[in-house]
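Everything below concerns the one structure shown next.
The values are calculated or read from the model by the stated rules, or taken from the named source; none is laboratory data. Source: prediction; values computed, not measured. Using ideal geometry, Cβ is built from the backbone for each residue, glycine included, and neighbour counts are taken over all protein chains shown. Heavy atoms of the whole protein, side chains included, go into the accessibility calculation; ligands, DNA and RNA do not. Shrake-Rupley method; radii C 1.70, N 1.55, O 1.52, S 1.80 Å.
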Amino acid sequence: MTSVRVATSTDLDAIVTTFTSAFFHDPVWGPAFPDERRRAEQAAVMWRVYAGSALRYPWTLVTPEVEAAAVFIPPGGVELTEEEAAGLEGRLAAVTDVGTARAIMVVGEQFEAVHPTEPFFYLTILGAHADHRGKGLGMGLVAEGLARIDALGAPVYLESTNPANNKRYESVGFVARDEIVTAGGQVVTTMWRSPATR
């Protein structure tokens, strides 16, 4: 694994580009933006809000040139501030349409509804740019994040929107917890990792 660093605000554009590429064909976040010709520009609006908000915490890890990025939200933190959350649907509607924006928000509401009640680190977004897929960069960031979190003795939670990734998460200690079925019929697996014992 190449070196890992904590992202700064100067990395935001690169992070958005990487996430837009990584999730273009994701089983959940691809169809969430049905117009494939405009999907990249539309999805980038969503990724910018989430990635930008997460930079408040020192828990967004990236590879040196942001070929991959992993966003962890620490216990007690939030993905979006109240103001960001309140404005997201309108931002999405402005670049898609009212129905598409509402459907995207519903997916987020489904995720939120089944979050564990105990404190946890939240691996909320993980992606490698399509040009760098298959090099282990994303899971390298996960491994580094988990090592840092294990040192704090905390659990980690995530939602896997692509079943192809479930085995990868299981290989580093995650266990399937629940399943969420979206309106489009996609199955999202929520996963939990207890703190590693020393």
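Let me test this: with uniform point scatterers at the alpha carbons of segment 79-139, what is the Debye-based log₁₀ I(q)/I(0) at q = 0.29 1/Å?
Rounded to two decimals, the profile gives -1.13.
If you place +1 on the Cβ of every Lys and Arg and -1 on the Cβ of every Asp and Glu, how big does the dipole about the Cα centre of segment 25-129 come out, in debye to the nearest 20?
Roughly 180 debye for segment 25-129.
Go through K135, K167 and list them by solvent-accessible area, largest first, probe radius 1.4 Å.
K167, K135
Sum -39500 (n - 2.57) across every DSSP H segment of at least 4 residues in the chain, then divide by the residue count to get the 222 nm mean residue ellipticity, nearest 500.
-12500 deg cm²/dmol
Where does segment 1-156 land on Rg(C-alpha)/(2.2 N^0.38 Å)?
My calculation over the Cα atoms of segment 1-156 gives 1.02.
Working from the pairwise distances between different alpha carbons, so that the mean of 1/r is found and then inverted, what is segment 71-179's Kirkwood radius in Å?
Taking every pair of different Cα atoms in segment 71-179, averaging 1/r and inverting gives 15.7 Å.
Based on the Cα gyration tensor of segment 136-198, what are the three equivalent ellipsoid semi-axes, each the root of five times an eigenvalue, rounded to whole Å and given largest first?
Over the Cα atoms of segment 136-198, the ellipsoid semi-axes are 23, 13, 8 Å.
I'd like the accessible area for I73: 1.4 Å probe, protein heavy atoms, all chains in place, Å² to the nearest 10.
10 Å²
Find the accessible area per residue for segment 94-170; the probe is 1.4 Å, ligands and nucleic acids are left out, and the unit is Å².
Heavy-atom accessible area per residue stands at 46 Å².
Take the alpha-carbon centre of segment 117-180, take the same for segment 93-114, and report the distance between them in whole Å.
Spelled out, the Cα-based centre of one part sits 23 Å from the other.
Per the 1.4 Å probe, what fraction of the accessible area of segment 46-155, in percent, lies on carbon and sulfur atoms?
Carbon and sulfur atoms account for 55 percent of the accessible area of segment 46-155.
Taking the convex hull of the alpha carbon atoms in segment 1-49, what volume per residue do you get, in Å³?
93 Å³
Order V49, V106, most accessible first, counting only protein heavy atoms with a 1.4 angstrom probe.
Ranking V49, V106 by accessible area, largest first, yields V106, V49.
Heads up, I need the accessible area for R168: 1.4 angstrom probe, whole protein in place, Å², nearest 10.
Looks like 120 Å² after rounding.
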